[in-house]
Amino acid sequence: MVEKDGCGTDRGSDQVHSWILVPSQVLHAVWRIARASVMTALSLLSATLSYFRSLYLYLGHQLKWWIGYLQRKFKRNLSVEAEVDLLSYCAREWKGETPRARLMRKAYEELFWRYHVKCVRPVKRDNYDALRSVLFQIFSQGLSFPSWMKEKDIVKLPEKLLFSQGCNWIQQYSFGPEKYTGSNVFGKLRKCVELLKLQWTEFSGMRDYHKRGSMCNSLFSDAILECKLYEALKFLMLYQVTEVYEQMKTNKIVPSLFRLLFSRESSPDPLSFMMNHLNSIGDTCGLDQIDMFILGYSLQVKIKVFRLFKFNSRDFAVYYPEEPLREWPEISLLTENDHQYHIPVF
């Protein structure tokens, strides 16, 4: 018989109900705890993923910035850049439909199709760029010393000008933007010429083309060494001008380009040439055409220059000097304005 309480409630039913209710409450509590734990874990996982994602983006941004910085720094220091496709370079530099842009595009196409120039090596634009373009090719091609340099110790030439030829005015020689003058000019010139001789000897004795290229990239990213080399070239030009001037005094036959040089009001003698022209090179101006003649003559190289702004004229491709000796090696430059020079690659 089922027992009932005073109100007639079934006590067995209450017991069954309590047995069901307690486990249900326990399960519900467990589920709430588990769900809270899962939600906490998911929130923590989400926060962790978000943190690592932010860290990844931050590190990626920093890495990209540093890579760009190093690339810009390297590019800025490398005064002769890597080869660039000629027509791509032209398209990048000469956009638009101005008369000059159209002329330049036609000139570059002429280089590509007629002269088989495939690439160009852009050269840093400053007042040494003509000297840089010439010397880079001499070193990269491993050209040997000019014959007159093999016969003389060029390191002693600064003192020779002073003591043998009485050129005490050379103390007014100026080292490009440094504008250094004084009694120690001979010591500075000697160091510059000594560096040129050392580097030239090393490159000319190197048979491995790729090794020469690697060393050129290293040398032409050192601005201090570069300036010394260019000042040495300037001095060799001055030495040749002085030598020819002395020969003219004895009525010897000299190349016509020197008669043209000394016929100018600004350069009737070596001192005037140095003061009015040579000292400014590397500082306020680069080489003009007569300077290019003297440079080619001094280094005994045929400098072929493609003057793109002279497209469709007889002056599009010219040589400095105009009548080089047949056995002189040839190097090539291109210019858009007779001021900045780049290196064509065939």
If exposed means trypsin sites (Lys or Arg not before Pro) lying in a DSSP loop and surrounded by at most 15 other beta carbons within 10 Å, then the longest stretch of the chain lacking such sites spans residues 1-94
DSSP-defined beta bridges in the chain - what % are antiparallel, rounded to 5: 65
Ignoring ligands, DNA and RNA, what percent of the accessible area of the chain is carbon or sulfur (1.4 Å)? 56
Counting C-alpha atoms alone, how compact is the range 213-284: give Rg to one decimal and Dmax as a whole number, in angstrom. 15.5, 47
Using just the alpha carbons, could you tell me how many Å³ per residue the convex hull of the chain encloses? 286
Once you have the Kirkwood Rh of the range 161-204 from its Cα pairs, apply Stokes-Einstein at 37 °C and 0.692 mPa s and quote D in µm²/s. 283
Rounded accessible area of ASP208 (nearest 10 Å², 1.4 Å probe): 80
Quick one: pull the percentage of alpha-carbon pairs in the range 138-185 with a separation above 16 Å. 57
Probe of 1.4 angstrom, ligands and nucleic acids ignored: what's the accessible area per residue over the chain, in square angstrom? 58
List, in the order given, every pair from LYS118/LYS188; LYS150/LYS252; LYS118/LYS228 whose Cα-Cα distance in the structure shown is over 30 Å. LYS118/LYS188; LYS118/LYS228
What is the P(r) of the range 284-346, as percent of Cα-Cα pairs per 5 Å bin from 0? 4, 19, 28, 27, 16, 5, 1
If N is the residue count of the range 190-314, its Cα Rg over 2.2 N^0.38 Å rounds to 1.22
Tell me, what is the FRET efficiency for LYS191 and SER43 to the nearest 0.05, using R0 = 51 angstrom and their Cβ-Cβ distance as r? 0.10
Ranked order, ASP315, ASP338, ASP291 - accessible area, probe 1.4 Å, largest first: ASP315, ASP338, ASP291
What are the equivalent ellipsoid semi-axes of the range 87-173, built from the alpha-carbon gyration tensor (square roots of five times its eigenvalues), in whole angstrom, biggest first? 42, 18, 10
At a Cα cut-off below 19 Å, give the aspartates and glutamates reachable from LYS249, other chains included and same-chain residues fewer than 8 away excluded. GLU265, ASP269
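The values are calculated or read from the model by the stated rules, or taken from the named source; none is laboratory data. Only a predicted model underlies this, so the values are computations on that prediction, with no experimental measurement involved. Methodologically, a virtual Cβ is constructed for each residue, glycine included, from the backbone with ideal geometry; neighbour enumeration extends over all protein chains shown. Heads up: the accessible areas ignore ligands, DNA and RNA and are worked out on the full protein's heavy atoms, side chains in. Shrake-Rupley method; radii C 1.70, N 1.55, O 1.52, S 1.80 Å.
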